[in-house]
Structures are given as C-alpha cells and as structure tokens.
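Worksheet: the structure to be examined is printed underneath.
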C-alpha cells in the first residue's frame with residue numbers, strides 16, 4: 001500500500017507562508033482524516049499531494065514517487081476535488097465514458113455499472129450531470145475517481161455544502177471502501193465524519209498538532225482540546 005510523505009516542505013502563496021519545514025507521514029491503508037479549520041492548510045496539502053502545486057522547498061511523494069510525476073500517479077491514486085470537475089453538459093454515463101477514454105480504461109462498463117449502483121446513481125445514468133443535486137454530483141465524482149481501482153482515494157472536503165443526512169451516508173460509503181482495502185485520505189473540518197478507529201491528523205495554521213487514532217486522541221473532546229483557537233472557529237459537529 002502506498003505511503004504519503006511530505007518532507008521539510010515550505011510553501012507560500014505570494015508572500016504568505018502556509019507551510020514551513022512541514023513534515024507528514026501517512027501510512028498506506030485504512031481511513032485517515034486530515035482535520036483542521038478552514039484556512040489551516042488542508043487544501044494546500046491536498047494540492048501538493050495531487051501535484052497541482054509544487055513545494056517551494058522539500059519533497060512530496062506517494063509510494064516513493066514524486067508527486068509532480070502525475071502520469072505515474074494517474075491510475076494509482078483517485079482524487080476528488082473540493083470544486084466541481086464534472087462536465088455538466090454530459091450525462092452521468094458520458095462523464096464516466098469520457099474519463100475511461102482519457103485514462104485508457106478497457107472493459108470499463110461492468111465496473112461503471114457496479115459503482116453507479118453502489119453509489120445510488122444507476123437510475124440517473126442518462127441524466128445530465130448538471131441536473132443532479134449536490135449529493136449526486138459528488139457521488140459521481142467519487143465513482144469516476146474509483147474507476148481505475150486506485151490504491152488510494154484522496155478527497156478534499158467531499159461533503160462540503162451537503163445536508164447532514166447525505167454527509168453521513170457518504171462518510172459511511174467511504175469508510176466501507178477503506179474496510180475493503182482502499183487507502184483513504186479524507187480532508188475535512190467536520191468531526192462527526194470521523195469514526196473511533198480512524199487515524200486522525202490535526203492541522204492548525206499550517207502546523208501539525210497531533211497524529212493518532214481518534215480514540216487515542218480522546219474523541220471529540222480530546223481533539224478539541226488540542227487546538228488553540230476558540231472551538232466555534234475550529235471544528236464543527
């Protein structure tokens with residue numbers, strides 16, 4: 001299973017330092033939550049791992065391969081971005097077909113049918129993606145990311161803007177994928193999406209506060225106690 005390393009990473013937007021001498025090691029397998037308030041640096045880390053951003057200093061690697069080598073990563077890591085990346089004029093099936101063609105996936109139809117069924121999208125398969133509600137759009141992006149059978153699935157605030165019931169359903173589905181052997185990195189600011197056995201990375205203002213299982217960190221109260229800002233500014237239940 002591929003491990004993720006950030007080693008002595010510096011990164012700045014213009015002159016604003018986001019990460020300084022930042023180190024992070026994420027073991028392969030299981031469900032890992034990268035948890036922090038908005039502005040903590042979570043999306044920056046996501047974009048560094050995906051290769052969209054390059055560090056000013058240091059190295060970011062996945063399975064020993066530099067994150068900038070996006071071709072090497074393409075079929076082994078699935079990414080779900082915070083922003084919509086679907087073609088809204090294409091149908092659900094056409095979005096999958098386009099992605100499969102782009103990545104040279106052969107005999108993808110059976111896999112597509114299985115995933116669309118598992119994520120409750122089979123009945124919507126002929127609808128335009130633009131006509132789907134927010135939850136179904138997000139599920140389609142997850143299905144698309146899973147089409148190459150990646151070893152790791154990385155999701156940036158995947159439930160952002162969704163109602164609580166849909167958020168919980170989606171969290172359960174992704175936890176099930178982790179139980180089935182897909183390594184999951186779940187970027188979030190929401191504590192109620194984390195389960196007791198999950199590995200948790202606590203991030204605040206570009207600094208690593210702690211890293212352990214949710215249980216070992218003391219659950220909700222233990223996690224909250226490790227942040228320095230007021231709880232209503234930090235994490236939401």
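The values are calculated or read from the model by the stated rules, or taken from the named source; none is laboratory data. The model shown is predicted, which means the values in this text are computed figures rather than measured ones. Here the Cβ positions follow ideal geometry from the backbone for every residue, glycine too, while neighbour counts run over all protein chains shown.
Under the condition of being surrounded by fewer than 19 Cβ atoms within 10 Å (Cβ to Cβ) and over 21 Å from residue 79 (Cα atoms), the residues counted in region 8-28 number 11. Does residue 125 count as in contact with a helix residue (DSSP H, G or I) (Cβ under 8 Å, 6 or more places away or on another chain) and buried (at least 21 other Cβ atoms within 10 Å of the Cβ)? Judged against the criteria, residue 125 is not a match. Got at least one residue in region 164-184 being assigned to a strand (DSSP E or B) and closer than 25 Å to residue 63 by Cα? Yes, there is a match, as at least one residue in region 164-184 is assigned to a strand (DSSP E or B) and closer than 25 Å to residue 63 by Cα. In region 29-45, is there at least one residue being surrounded by fewer than 20 Cβ atoms within 10 Å (Cβ to Cβ), more than 14 Å from residue 187 (Cβ to Cβ) and either in the same structural domain as residue 140 (by TED's automatic domain parsing) or in contact with a helix residue (DSSP H, G or I) (Cβ under 6 Å, 6 or more places away or on another chain) (or both)? Taking every residue of region 29-45 in turn, at least one turns out to be surrounded by fewer than 20 Cβ atoms within 10 Å (Cβ to Cβ), more than 14 Å from residue 187 (Cβ to Cβ) and either in the same structural domain as residue 140 (by TED's automatic domain parsing) or in contact with a helix residue (DSSP H, G or I) (Cβ under 6 Å, 6 or more places away or on another chain) (or both). Region 4-56 holds strands (runs of 3 or more DSSP E) entirely within its bounds, and those carrying 1 or more residues that are farther than 26 Å from residue 225 by Cβ and modelled with pLDDT under 95 map to 4-13, 16-26.
With the condition kept exactly as written, say whether any residue in region 141-164 is surrounded by 13 or more Cβ atoms within 10 Å (Cβ to Cβ), free of Cβ contacts under 8 Å to residues at least 12 places away in the same chain and over 28 Å from residue 27 (Cα atoms).
Step one: of region 141-164, the residues surrounded by 13 or more Cβ atoms within 10 Å (Cβ to Cβ) are 141-148, 150-160, 162.
Remaining after also requiring free of Cβ contacts under 8 Å to residues at least 12 places away in the same chain: none.
There is no residue in region 141-164 that is surrounded by 13 or more Cβ atoms within 10 Å (Cβ to Cβ), free of Cβ contacts under 8 Å to residues at least 12 places away in the same chain and over 28 Å from residue 27 (Cα atoms).
For region 78-133, a residue qualifies if it is touching a residue at least 24 places away in the same chain (Cβ under 8 Å), assigned to a loop (DSSP other than H, G, I, E, B) and within 15 Å of residue 150 (Cβ to Cβ), and the qualifying residues are 81, 103, 105, 108.
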